[in-house]
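Here is the structure we will look at, set down as structure tokens.
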Amino acid sequence: MKRIIIRDRTEISPFGEPARELRVLNKPLWLLQRDLLKGYCDSGIEIDDFSEIDTLVGTSDEELFIYRDNLYFNANLVSTFIAQARAYGKACRIAFRASTANQRGDGSIERHAIHLQEHIVRQDASAYVENGRLERGDIYVGAMYYFPAGPRATPLPLLIDTLSGEMGYYRIPSYMANRGELVYQIPTRAFLRSRAGFIFLSPTRRWAFSRGRASKIRRCSGHACVIFASGQPRIGRFYPTRSRLC
């Protein structure tokens, strides 16, 4: 499979460098991405504009994996997306569930990933693939694509669950919250675009939280211990949510 990396040369303030050059988990982001994909991809090419994809996809008949170079994602997300896309056997674009009056959306994406960026886009009443079946509903789509070998087609959104759950980061005085604690939605399958300094610092925090969440999942029997409540009080540039323990 070949990688196609869409370059984003926007400098991240206050570092003065593009996101791909900044270090996450003690590696430049581009190296972290390459290491996560080396088990799937044997070659890669960089492009400067999304419009170049049509030419590259149209002139190639091999398996392709396409993503923006300012995305932070982890091994769990990549393996799930590629496995489900290959099983479906058609061109796919990563997608996440959006909240409606009748369903709760993906907590990690809605609370932390969609703010102050434009490449995770909401699409209402859109067709998407879930568990190999074509469905219709409200979703968010991101800049990660898969094309199987052979004839090309327009990619369909492939719904991925980040398996996010609530975890606390620090305590605040009780008078600052109506009830419960302020928490983060921590994904087992992480997906985040780095746009500015305060967002770029979050992948390392997310990695530490995700490790803790994975360890907690292994220790627990799976019983739910959190009831979600309305309201998203803002702290800094992140959007934690209130929770109420059972």
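The values are calculated or read from the model by the stated rules, or taken from the named source; none is laboratory data. If you're wondering where the values come from, they're calculated on a predicted model, not measured in any experiment. Counting neighbours? That spans all protein chains shown, and the Cβs are built from the backbone with ideal geometry, glycine included.
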Would a scan of region 212-224 turn up a residue that is surrounded by 14 or more Cβ atoms within 10 Å (Cβ to Cβ), over 28 Å from Ala85 (Cβ atoms) and modelled with pLDDT under 65? no
Taking the residues in region 86-109 that are among the charged types (D, E, K, R) and farther than 14 Å from Leu163 by Cβ as candidates, determine which candidate is surrounded by the most Cβ atoms within 10 Å (Cβ to Cβ). Arg93
Taking region 114-161 and keeping residues in contact with a Ser or Thr (Cβ under 9 Å, 6 or more places away or on another chain), touching a residue at least 40 places away in the same chain (Cβ under 8 Å) and assigned to a strand (DSSP E or B) leaves Gly137, Asp138, Ile139, Val141, Phe147, Pro157
Here the residues within region 8-39 that are assigned to a loop (DSSP other than H, G, I, E, B) and surrounded by 15 or more Cβ atoms within 10 Å (Cβ to Cβ) are Asp8, Leu22
Given (1) touching a residue at least 40 places away in the same chain (Cβ under 8 Å); (2) out of contact with any helix residue (DSSP H, G or I) (no Cβ under 8 Å at 6 or more places or on another chain); (3) assigned to a strand (DSSP E or B), index of the condition Arg111 fails: (3)
Does Arg136 satisfy the condition of being charged (D, E, K, R), assigned by TED's automatic domain parsing to the domain that holds Ile53 and under 18 Å from the mean Cα position of the chain (by Cα)? no
Exactly one of these conditions fails for Ile66: (1) at pLDDT 90 or above; (2) in a loop (DSSP other than H, G, I, E, B). Give me its number. (2)
